[in-house]
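Every read-out reported here was derived from the displayed coordinates using simple, explicitly stated rules and does not represent laboratory data. Bear in mind the structure is a predicted one, so any value in this text is a computation, not a measurement. Counting neighbours? That spans all protein chains shown, and the Cβs are built from the backbone with ideal geometry, glycine included.
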Amino acid sequence: MQTMDIEQEIRNFVIQNFLMGSSEALNDDAPLLGNVIDSTGVIELIVFVQERFTISVEDDEVMTENFGSVKNVVTFIEKKLRSK
């Protein structure tokens, strides 16, 4: 799967589920945590990532470095896919 495809899927999920279809506030480096999604939203995002990309997210991987922005999420997913 290409980086752009992963990014588009993450972006679409965030826009549809947390930004009510409005994409103006979302760029690759925009902080997601606290600004776009809350703690419940983090769980929703993790469930989506696990189901869509068939990867597992360990508790110690749930951190800003992996889920703090769209760019971070994409990088995390790519790393997990490469290690499969």
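Residue-by-condition table, conditions (1) free of Cβ contacts under 8 Å to residues at least 12 places away in the same chain; (2) surrounded by 13 or more Cβ atoms within 10 Å (Cβ to Cβ):
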site	(1), (2)
14	no, yes
17	no, yes
32	no, yes
50	yes, yes
84	no, no
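Taking residue 81, is it in contact with a strand residue (DSSP E or B) (Cβ under 7 Å, 6 or more places away or on another chain) and part of a helix (DSSP H, G or I)?
no
Among the residues of the range 43-62, count how many are assigned to a helix (DSSP H, G or I) and within 14 Å of residue 75 (Cβ to Cβ). Full working, then the answer.
The first filter runs over the range 43-62 and keeps only residues assigned to a helix (DSSP H, G or I), leaving 43-53, 59-61.
Pick out the ones that are also within 14 Å of residue 75 (Cβ to Cβ) and you get 49, 53, 61.
Qualifying residue count, the range 43-62: 3.
Here is a yes/no grid of residues against (1) in a loop (DSSP other than H, G, I, E, B); (2) on the phi < 0 side of the Ramachandran plot:
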site	(1), (2)
9	no, yes
20	yes, no
23	yes, yes
41	no, yes
71	no, yes
74	no, yes
77	no, yes
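Which residue out of 13, 18 is within 17 Å of residue 80 (Cβ to Cβ) and of a type outside the set (A, V, I, L, M)?
13
In the range 56-84, how many residues are within 13 Å of the chain's Cα centre (by Cα), aliphatic (A, V, I, L, M) and under 15 Å from residue 5 (Cβ atoms)?
4
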